[in-house]
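Let me begin by presenting the structure, written as structure tokens, before commenting on it.
The values are calculated or read from the model by the stated rules, or taken from the named source; none is laboratory data. What you see is a predicted model; the values in this text were computed from it and never measured. Every residue, glycine among them, receives a Cβ derived from its backbone with ideal geometry; neighbour counts consider all protein chains shown. The area values use the complete protein model at the heavy-atom level, side chains included, leaving out ligands, DNA and RNA. Shrake-Rupley method; radii C 1.70, N 1.55, O 1.52, S 1.80 Å.
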Amino acid sequence: MVSRKTTDSLLKQKPSGKSEGPPEFQFNNLCISTLNCQSLDAKSILEYCEKSGCDIVALHEADDLCEDPRIIKYHQAMVFFIKDSSIEVSSFEWENDHPGIGILHFSYKNVEFTFVNIVSDSMHLQKCLEPIKDEVDKRIMITCSSWIRVINPRFKKPGFSTGRTDILQDVSSFGDRMIGSLWRVSKNYEEYRKTASKEELRQCKVFEPLSILAGAPGHKTIEEVVLDHLNELFSDPDFKFEPLDDSLSKSLRLTLEEVRRHFSKTTTEAILKSACKQFNDALSDFKIPSKWKDIHFKLPNQSVFTQKVEFYENFSWEIDAHREVFSNILAQKCSLDSLGTKDKDHQRKIEKILTLVLLLQKCKKEPLYFLFIKFENPYDTVKICSVLSSLKKSNVPPQLYQSFASLLTDNRVILETSKGGLKSDKKKLRGLHVGHLANSFLLSNVIKSIQNEWGLLDDVGIEIGNEPLKSIQFEDHLVLIDGKISSVENHLDHLSEISASHGLVFDELTLMKNSTRTGETKLLFHGTEVKTARKNIVSFLDQTISVKENLKYEIERRLWEVKKIIKSTPSLDSMDVISKLMFFKNTLVPKFFYACETWTPSGKEIQKISDHLEKLSEELEIPYHFDAYRKILAEKARFIKWIAAKPDSFCYKLLNEASTKAQGKKKNADWSFELVKNFKLFSGKNMTNLLNIAAENSELWDEFITYCETKAKRSLNWKQPI
């Protein structure tokens, strides 16, 4: 660990007046920070200042302070804590007219500094700095504020502003209250830069990366914190890899078209052909190039007081493009039915959502319980041995299994900072870091395997069409379903233990019941009561699931999400009308109408949606030619075609059951049934069930979808649901 007080020779070039590089400088580290003291008592303020290891701390909102010789105080808004006795304060100034600005002049190691502390959003900063503007070339100016945008974009307030980024080493967070900065100070360097050329100064910017917390007792550098995190995260003492003994089947060849679908449109034909050859070579002999096995973790340039990696917002990973594409193609070949086009993925989501909606509507007289399970960072914690084991159980072709096994084992973890350089490499035995399709497919497989182990229990679930339905799952989303709360409670601990053995830990449990009138309302897990869904509303796959079907909340939520997208798209101001229309059609409309296949809006709600969209078009200054009614009809029609081809699914059975019951009561539960009857091409067809119509008349149904999109009309006075 590097001590903050260590004087480092950061440039090792030999002194020379010519082209041999800059002279050798001796740099000292100076730590400066700003602390929000609001609601802190005097003792806590001093503890923050002491633990930070900083030399100077600008205190904001310091209402309570004890007597201490290290504190320079004018009034509660303008306070500086100076820890290092070698810092010589020459003067302290403030503006009587604007007491929110204080100016501290000091020297450190014979280098002159001016430290400006701004408490409020003052528009008079330039006026206050006017008397000392001639001193800028002689001093190092640093401004800290509760409103200045910080040098490191992770922090919005408070922050630092300076023209001397050449000597700025780091900007870091100490919890939620303190922002610190590390500066390299050298009298010789300050003298040298006065006469050096830009090129010579550029050579002086090569410094060894340090951490702001390096000198604070008991604290670790960011690399050490992350390494500890990864050691714990990726270790798996039970790891066992058993390759298949089966003789491999005939070689699986990837076509150029398969590869082209996954690479960007700008990729050259030569690169595509080369990648295709590499993929087929890897499939034939399972020799995955070592470069594909590297997972690069990009580390931010700051440390956190709490030493928790979760606070590192820029902590991200990158993989080789070949690894991403190859894994996605493998996943598609393993499960062509569940993976593939974006449309298929969407329809699978709608199937899960609608199954839940129909179950809530199925029976209100008898209690039905839904337990929504959220796992904690499952893609980071799942065990590789569990991934491979579940893959083997799913009976994928041996060649595909071997290819995945080769891709997922012996991976290297490489840590890098923004300043470059390899920091470490470790073997990774947990976590999925492949393409997004492969991630989803492999994790979903593990959770299915967990359910199969847990599913040996016959007293869990409900019966739909003479088959037990125990859960609804999509990727890492899992919902347990039962008519008795005791059945779920009795076996929840067992499910938790099975999940943990595969590296998956429960993070959040939410209980929802189909009716508040009957049944129990209390579920215990590890002796603690599971929280109940507030107002019997819960979010599942980004769709609101509610016991009382009411689109009012969902419509307002979608409007808020769409406005958020508009607000976060600054380029809208420079777009022409055509570009804005495309933005409205391709971005805003899909977001607003996501999962509208599960809606049953009344005419009044259709009108509300139309009014919102019309106002949005006015804000964007584009012509409004959009029919919400037709959009919902068309999306419902597309889904009916999708689910009609899956008669064994629970969603199909629930839709079919609802339709049969409604017709027995001489009511039509199917949306737009009259519209289907009026569609002339269906004349003479069996009209008893829309699912049958869609299944038996696929081509005609495609024409009906077009009809819904273009010609379907309704009376504005019609108030019945669609």
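Annotations for the structure displayed:
- Taking packing as the residue-averaged number of other Cβ atoms within 10 angstrom, the listed peptides 491-503, 568-580 run from highest to lowest as 491-503, 568-580.
- Distances between placed amide hydrogens fall under 5 Å for residue 33 paired with 56, 57, 58, 181, all partners being 5 or more residues away or on another chain.
- Cα centroid separation, the range 474-500 to the range 316-337 (Å): 30 Å
- Karplus-derived HN-Hα couplings along the range 439-453 (A = 6.51, B = -1.76, C = 1.60, θ = phi - 60°), whole Hz, x at Gly and Pro: 3, 4, 4, 5, 5, 4, 4, 5, 5, 4, 5, 4, 5, 5, 5
- Mean Cβ neighbour count within 10 Å, used as a protection proxy, ranking 555-563, 401-409 highest first: 401-409, 555-563
- Taking packing as the residue-averaged number of other Cβ atoms within 10 angstrom, the listed peptides 325-334, 272-281, 32-41 run from highest to lowest as 325-334, 32-41, 272-281.
- Accessible area of residue 349 (1.4 Å probe, protein heavy atoms only, ligands and nucleic acids ignored): about 60 Å².
- Summing Cβ point charges (Lys, Arg +1; Asp, Glu -1) relative to the Cα centre of the range 554-598 gives a dipole of roughly 80 debye.
- 477, 60, reordered so the largest accessible area comes first (probe 1.4 Å): 477, 60
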